[in-house]
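K.L.:
Please see the structure below; I have some questions.
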Amino acid sequence: MIKNVYAPIHNDGWKFVGIFALITVILYCLASFLGFIGLILTCWCYYFFRSPKRTTPLRDGLIVSPADGTVCLIQQVTAPAEYEIGNEERTRVSIFLNVFDVHVQRIALSGKVKKIIYHPGKFLNASFDKASDENERQTVIVQNGDIEIAFTQIAGLIARRIRCDIQVGQEVSLGQLYGLIRFGSRVDIYLPPNVNPLVFIGQKMIGGETVIADLASPNEQRASLTH
């Protein structure tokens, strides 16, 4: 817990911390109690943009959570056609991030970025089921051998900015930082067909650490993974 509080922050956060700090100085000049409130908000801003170090399990076949937060939905769905990952049903795990969760996102499966798709949309509450289809969002498709997964950053009621720092064709590693959503949002991950999740609704997720699925499990689909 202490490690999370005193973690370094994402580069995108410094300008906001600076803005909050400037407002704090102005408020303090007006009244000391207003300055105190501004100080609290500045500390919260730093806390929001924190990017703690994570210990990612490196065994082949693991799919880890792309985000911190709480599992709010687990559904059987068909991925949108534009993803180009097949029309078989897949398990979609939805992770809701509140304003106190870590908001950086991490790569869920090592491989090559096959596609990045931006979807303009609404800013509904990210915990709603329809947010997966109606909200502004950005989807990353990663391919590793015969395995393809998709994970989607979804804007929320307050979140108005999605940042993705990877490119199509780039080789990415499990647990690697790749993006950020501000402020309060959701991340969906589409597992490969016939792969069951190892998480449950209400479970707290740790981005880059919590194992969502194990492709090497005897009960799961087996596929060769490249490196």
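K.L.:
Just the residues that are outside any strand (DSSP E or B) and small (G, A, S), please, taken from the range 59-93. First the steps, then the outcome.
P.N.:
Within the range 59-93, the first condition is being outside any strand (DSSP E or B), and the residues that meet it are 59-61, 65-68, 79-88.
Hits for the range 59-93 are G61, S65, A67, A79, A81, G86.
K.L.:
If we keep just the residues of the range 137-174 that are at pLDDT below 80 and more than 14 Å from the chain's Cα centre (by Cα), which is nearest to E84 (Cα to Cα)? So that I can check it myself, show each step before the final result.
P.N.:
Here is the first cut: in the range 137-174, the residues at pLDDT below 80 are 155-161.
Now restrict to residues that are more than 14 Å from the chain's Cα centre (by Cα): 157-158, 160.
Numbers: L157: 29, I158: 30, R160: 27 Å.
Here the answer is R160.
K.L.:
Could you check, for the range 47-58, whether at least one of its residues is more than 30 Å from P197 (Cβ to Cβ), part of a helix (DSSP H, G or I) and either at pLDDT below 85 or over 18 Å from the mean Cα position of the chain (by Cα) (or both)? Give the steps one after another, and end with the answer.
P.N.:
In the first step, residues of the range 47-58 are kept if they are more than 30 Å from P197 (Cβ to Cβ); the result is none.
Looking through the range 47-58, none of the residues is more than 30 Å from P197 (Cβ to Cβ), part of a helix (DSSP H, G or I) and either at pLDDT below 85 or over 18 Å from the mean Cα position of the chain (by Cα) (or both).
K.L.:
Can you pull out the residues in the range 177-202 that are surrounded by fewer than 17 Cβ atoms within 10 Å (Cβ to Cβ), within 21 Å of I154 (Cβ to Cβ) and of a type outside the set (A, V, I, L, M, F, W, C)?
P.N.:
Listed by number, the list holds a single entry, G202.
K.L.:
Here's another thing I want to ask about it. Which residues, counting only those in the range 94-120, are β-branched (V, I, T) and either buried (at least 17 other Cβ atoms within 10 Å of the Cβ) or not in a loop (DSSP other than H, G, I, E, B) (or both)?
P.N.:
Going residue by residue through the range 94-120, those that are β-branched (V, I, T) are 95, 99, 102, 104, 107, 113, 116-117.
Scanning the range 94-120 gives I95, V102, V104, I107, V113, I116, I117.
The values are calculated or read from the model by the stated rules, or taken from the named source; none is laboratory data. Treat the numbers as computed from the prediction; the structure is a model and nothing was measured. Glycine gets a Cβ as well: all are built from the backbone with ideal geometry, and neighbour counts include every protein chain shown.
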